[in-house]
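Take a look at the structure below.
Bear in mind these aren't lab numbers, they're just calculated from the coordinates by the rules spelled out. Because the structure is predicted, anything quoted here is derived from the model rather than measured. Every residue, glycine as well, gets a Cβ built from its backbone with ideal geometry; the counts of neighbours run over all protein chains shown.
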């Protein structure tokens, strides 16, 4: 199975991201969308209301979130709730994301996540022992799809040395109007002197916290939109700064994301995402 061409690898090394259009077929995208809809339909939220926010990550890090590394869990949009605590929209229009072990626990997502093409890409990126660490289905709901502030994936999925790579699959067209991803080209490169800015870790007394390594601001003027059609794959370097804005449009922007680390690297015990010993990480 072919992976990345020499020009694609050069582009990825230069920019810190690579767009591959038509990676997934329309049928594959629709299959994942239908499965996500089924999962949301069968989800019973009673007593399990958890809100996802990148702006208040410390406060929102409840036990449900912290225990989701080896489960299929559901997180609501911040703006989904009315002042009285009830949902402003139907449940299927209120979920922000599903995470974080779809790739291991659901057969539909498992099959997609372990496509031979992805294994070939990981080999071309230099992985000796690629392990699938985390997966998320992101809805980016119409009108209320939450902002994802500028961040680096290595902040949340840290190894020593750094090894995380993100695979972001557009299950619907992603445009500026409905909250496409934005990135800082080359921001992963040491020549930009950005480096890893933060680590998101478990706090000694419970919950989570950010450890700040560099508090200099992001070079926002360098941001560029990554507008892609349904079926596109965006490969993201773990140090690449990227973000997405609030979706105020009437169109959703569904995406599936998968993060891979190298099993040869150390995965520190204070990382927020943990698994129980009876569910170890697996590769392709």
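In this simple spin-label approximation, residue 250 and residue 25 carry label points 7 Å from Cα along the Cα→Cβ vector, and these lie 3.2 nm apart.
Peptide packing for 84-94, 220-230 was compared via the average number of neighbouring C-beta atoms within 10 Å per residue; ordered from the highest value, the list is 220-230, 84-94. Each of residue 14 and residue 275 was given a label point 7 Å from its Cα along the Cα-to-Cβ line. The distance between the two points is 3.7 nm. Applying 0.36 nm per residue to the separation of residue 221 and residue 284 and subtracting their alpha-carbon distance, the gain on full extension is 18.9 nm. Subtracting the Cα-Cα distance of residue 204 and residue 90 from their residue separation scaled by 0.36 nm leaves 37.3 nm.
Ranked highest first by the average count of other Cβ atoms within 10 Å around their residues, in what order do 251-264, 195-208 fall?
Values: 251-264: 21.6, 195-208: 15.4.
Taking the mean over residues of other Cβ atoms within 10 Å, the ranking is 251-264, 195-208.
For a footprinting-style exposure proxy, rank 112, 81, 139 by other Cβ within 10 Å, fewest first.
On the way: 112 22, 81 17, 139 28.
Listing 112, 81, 139 from fewest to most nearby Cβ atoms yields 81, 112, 139.
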